[in-house]
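Report on the following structure.
The values are calculated or read from the model by the stated rules, or taken from the named source; none is laboratory data. The structure displayed is predicted, hence computed values, not measured ones. Note: ideal-geometry Cβ built from the backbone for every residue, glycine included; neighbour counts use all protein chains shown. Remember, those area values only see protein heavy atoms, side chains included, never the ligands or the DNA or RNA. Shrake-Rupley method; radii C 1.70, N 1.55, O 1.52, S 1.80 Å.
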Amino acid sequence: MIQLSIIVVTWNCRQFIQSFVESLGNRLNDPSTQILVIDNDSADGTADLIEERYPGIELVRTGKNLGFARGNNLGLSMAQGKWIALVNPDVKILPGCFESMMDWMDTHPDIGLLGPRMFEADGIVHRSTMRFPTAWNCFCDALALHAMFPDSRFFQSYHTKDFPDNRTEDVDVLNGWFWMTRRNALEAVGTLDESFFMYGEDIDWCKRFANAGWKRVYFSGAASIHYGGGSSSNAPIRFYVEQQRALLQYFKKHHNVLNRIGLVLSLWVYHLARVFGHGLRYLTPGAKRESPGPKIRRSVACIRWLMGFTHG
């Protein structure tokens, strides 16, 4: 019987996928584990590497880029396990991670989604949770009010920079780098919303789990390494704009028109402030001269998008 199904969606991430697969260890040959790789028409040989070196993995070549949500849904339609893990390809699974997560969910039947601690390449635990975004907490983020008033609950950003990463906690949103869910919760909530092509589907899915009464839990008792940028590094500005687009899409689905207007205003404030701030810091004598170019370019791209231009 299949106990655990592991789903990975790949797109031009050959430099990461072998490390991910090797980190699975004994699960590569474990008959109770199903490993599914959904390749979104990679051009760098990702699918060929999987096919040639790991015949036990179920590989699906989609023939085109289906996006994150649709690719994972294809994997979910094939998954047979009691537990289902959706993992990014730029992740290295640390020993005992899957086992600890399954044990925790087994003894806490009200958990619908579980996420482990996220180490990045620098060896430090990084944020992998969020609050549900609202017009107000997006505005607080735009003006950095959460940084100016770090002890105030009123000025909190939707980014949980104040989150205690060393203890297990219920959260609003688990970012979509590594999820584990249970089959009956999946059947109750449904699969990812395929109208989200890239980004935003994690916030939406967590919102739907919450609406259905399932907990989303950050679990400090398990950890893995997320190197980040496995696909987005191929086109960083494009993917940054997609993040903003997905946030607006989430608001259109879950918020009224006044909140959507509030979000758009917050995005204008955020990106105009960043263009001005990064430019001013660079021109200030004696300031740290870290190149502001990439951050300015991505904010300019988002401003163009907000103005109705198509970013190429």
Given a 1.4 Å probe, the accessible area of the chain per residue, as a whole number of Å², is 47
Would you kindly state how much longer the chain becomes between SER152 and ASN211 on full extension, computed as 0.36 nm times their sequence separation minus their alpha carbon distance, in nm to one decimal? 18.5 nm
Just to make sure I understand: if all protein chains stay in place, what is the order of GLU201, GLU52, GLU242, GLU120 by accessible area at 1.4 Å, largest first? GLU52, GLU120, GLU242, GLU201
Using the Kirkwood formula on the Cα atoms of the range 156-199, what hydrodynamic radius do you get, in angstrom to one decimal? 13.3
For the chain, the longest principal axis of the Cα atoms and the Cα long axis of helix 236-254 enclose an angle in degrees, to the nearest 10, of 90
Note the per residue figure in Å³ for the convex hull of the C-alpha positions in the range 29-175. 175
For the range 10-104, one quarter of the surface area of the C-alpha convex hull, expressed in nm², comes to 5.9
Expressed to one decimal in nm², the mean projection of the alpha carbon convex hull of the range 57-130 is 6.8
To the nearest whole percent, what portion of all C-alpha pairs in the chain is separated by more than 28 angstrom? 42
Computed over the chain: longest principal axis from alpha-carbon atoms vs helix 68-78 long axis, angle to nearest 10 degrees, is 20
Taking a temperature of 20 °C and a viscosity of 1.002 mPa s, what whole-number D in µm²/s does Stokes-Einstein yield for the range 204-274 with Rh from Kirkwood over alpha carbon pairs? 142
Calculate how many DSSP beta bridges within the chain are antiparallel, expressed in % of all such bridges and rounded to the nearest 5. 45
With Cα springs under 10 Å, the Gaussian network model of the chain assigns the largest mean-square fluctuation among LEU114, LEU145, LEU263 to LEU145
From largest accessible area down, sort ARG14, ARG153, ARG216; use a 1.4 Å probe on the protein chains. ARG153, ARG14, ARG216
Of the candidates MET105, MET148, MET198, which one comes out as most mobile in a Gaussian network treatment of the chain with C-alpha springs shorter than 10 Å? MET148
So how do TYR227, TYR218 rank on accessible area, 1.4 Å probe, biggest first, that is with the largest at the start? TYR227, TYR218
Taking 7 Å along the Cα-to-C-beta vector as the label spot, tell me the ASN29-LYS161 distance in nanometres, rounded to one decimal. 4.8
Ordering of 179-189, 23-33 by packing [mean C-beta count within 10 Å, highest first]: 179-189, 23-33
Surface accessible to a 1.4 Å probe, LYS161 within the full protein complex, Å²: 150
PHE276/ALA121 FRET efficiency (R0 35 Å; Cβ-Cβ; nearest 0.05): 0.65
Pairwise over distinct Cα atoms, reciprocal of the mean inverse distance: report the Kirkwood radius of the range 119-227 in Å, one decimal place. 15.2
Connecting C-alpha atoms closer than 10 Å in a GNM of the chain, tell me which of HIS271, HIS159, HIS108 has the biggest fluctuation. HIS108
